[in-house]
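Working notes, beginning with the structure itself.
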Amino acid sequence: MTQFWIYSVLLLLVALLLLLVPVLRIRKDQTEEDRTALNIALYEEHIAELEAQHASGALSAEQLAEGRLEADRELLDDTDVGRPKQSANLGSALPLIAALLVPLVGLGLYFHWGSSDKVALTLSLKEQPKTAEEMITRLEETVRLQPDSVDAWYFLARTYMGEQRPKEAANAYEKTIEMVGRQPDLLGQLAQALYFANGSQWSPQLQDLVDEALAQDPNEATSLGLVGIAAFEAQRFQDAIDAWTLLLKSIDPQDPSYAAIETGIERARSSLGNNPQSSATPTQAPATDAASDTDYQLAIDVAISDELAGQVAATDTVYVFARAAEGPPMPIAAKRLTVADLPARIVLTDADSLLPQLKLSSVGQLKLQVSVSNTDNAMDAQWSSLPVVVDATVADATHALVVDQRK
């Protein structure tokens, strides 16, 4: 932005020079013309004196002629009688006033209709953001200045989802859809954002969105994933198998989520086989599976900073989340405490997995984070810790999380 103002000042100086140089030149010409007029007046006065002396008999005709010749020679030496007189009003102050008003008026018009804020934004985008919050701030400023930028709205929605802000992500996806139309991938991502914003609860609105997306593209990945999750949670295991099997066809076998989806399909088949007649009651896992779920343990020390301890109530809810570092933003496992319980050490195991098909132990890297909410809703949390990415395969490791950030 500094360079912009430097160039603006240089252009202003050039404009002033273009206005003032002719004015100064005209003033010089005015001075020369005034001097010429004075010399001519003196010449005419001198000739008049010579003629008066000749009339009185003091000068002869030859002396009068010599006097005229001498006067003519002096006038030619002192003046440039061949240059035409200036016709302009050389003493006018209008050019000077214009020289001052033009840049001031131009500056005012620029501040009213110009785009200095967009220039500043363009310069800031040249720098790589250091944090996700800085990226969100830049994208929010971009959509404020350029509300018709489809790319800005889309990337803002994706960034919101990556930072577990599904409500804002849903709004951004809706703006994107308004501009580019109801494309199946956008409908699926909107449904996913609304799903997490509603506390992972299925609704007719979500069903309509995924139905519309899959009607356009039967292989739309986000919609198929959501359909499978909702079906599994509702114990419609065959529907979950069908959705996830179709989803696998569009995923690279080397993708980390491929194995997780395969595990989910196997769990759904096992549950369907154990209870083929009815899905009214949840299928109970064998005792050996429950025991194995506790073999994997992830210890986390949770605390709140001294600065925030006086700003939260003892009854405020504390949520501890474990998410895949690379993958969907939904939590894999979670624990719920209150501020009164802190500081505390909690242990997450595979038994704490929110989705049976996705175990903590099956994810290579986890992102851990704690949030505090006074509304009993994790999506409306006011405080949080910084996210910490850990290697989930390292045994006997304890990780520390401190709530010290305002969301």
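The values are calculated or read from the model by the stated rules, or taken from the named source; none is laboratory data. None of these values were measured; they are calculated from a predicted model. In this analysis, Cβ positions are derived from the backbone assuming ideal geometry, glycine residues included, and neighbour counts consider all displayed protein chains.
Just a yes or no: is a residue in the range 171-190 at pLDDT below 85, under 21 Å from Arg323 (Cβ atoms) and in a helix (DSSP H, G or I)?
Scanning the range 171-190, I find no residue that is at pLDDT below 85, under 21 Å from Arg323 (Cβ atoms) and in a helix (DSSP H, G or I), so the answer is no.
Here is a list of conditions, (1) part of a strand (DSSP E or B); (2) at pLDDT below 85; (3) of a type in the set (Ser, Thr, Tyr), and Ser292 meets all of them except one; can you say which number that is?
So Ser292 meets the others, but not (1).
So is Asp306 buried (at least 18 other Cβ atoms within 10 Å of the Cβ), of a type outside the set (Gly, Ala, Ser) and modelled with pLDDT of 80 or more or not?
no
Conditions (1) under 30 Å from Leu104 (Cα atoms); (2) modelled with pLDDT of 70 or more, marked per residue:
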{"position": "Val9", "(1), (2)": "yes, yes"}
{"position": "Lys28", "(1), (2)": "yes, no"}
{"position": "Tyr43", "(1), (2)": "no, yes"}
{"position": "Ala71", "(1), (2)": "no, yes"}
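Please give the number of the condition Ser223 fails out of (1) buried (at least 21 other Cβ atoms within 10 Å of the Cβ); (2) out of contact with any Leu (no Cβ under 6 Å at 6 or more places or on another chain); (3) closer than 29 Å to Ala381 by Cα.
(2)
With at pLDDT below 85, assigned to a helix (DSSP H, G or I) and crowded, with 16+ Cβ neighbours inside 10 Å as the only criterion, which of Met135, Met161 stands out?
It is Met135.
When both residues are 6+ apart or on different chains and their Cβ atoms are under 6 Å apart, which pairs have a first residue that lies in the range 44-66 and is assigned by TED's automatic domain parsing to the domain that holds Leu76 and loosely packed, with under 11 Cβ neighbours inside 10 Å, and a second that is outside any helix (DSSP H, G or I) and modelled with pLDDT of 80 or more?
none
Does Lys367 fit the bill of being basic (Lys, Arg), at pLDDT below 90, surrounded by fewer than 20 Cβ atoms within 10 Å (Cβ to Cβ) and in contact with a strand residue (DSSP E or B) (Cβ under 9 Å, 6 or more places away or on another chain)?
No.
Looking at the range 233-241, is at least one residue surrounded by fewer than 16 Cβ atoms within 10 Å (Cβ to Cβ) and of a type outside the set (Phe, Trp, Tyr)?
yes
Can you find a residue in the range 145-152 that is under 20 Å from Gln216 (Cβ atoms), in the same structural domain as Leu214 (by TED's automatic domain parsing) and of a type outside the set (Asp, Glu)?
Checked against the condition, which is being under 20 Å from Gln216 (Cβ atoms), in the same structural domain as Leu214 (by TED's automatic domain parsing) and of a type outside the set (Asp, Glu), the range 145-152 yields at least one hit.
What are the residues in the range 224-257 that are at pLDDT below 80 and part of a helix (DSSP H, G or I), if any?
Correct list: Pro256, Ser257.
Restricting to the range 304-321, name every residue that is among the polar types (S, T, N, Q) and in a loop (DSSP other than H, G, I, E, B).
Ser305, Gln311, Thr315
Output the residues belonging to the range 168-219 that are charged (D, E, K, R), surrounded by 13 or more Cβ atoms within 10 Å (Cβ to Cβ) and under 27 Å from Leu139 (Cα atoms).
Hits for the range 168-219 are Glu168, Glu174, Lys175, Arg182, Asp185.
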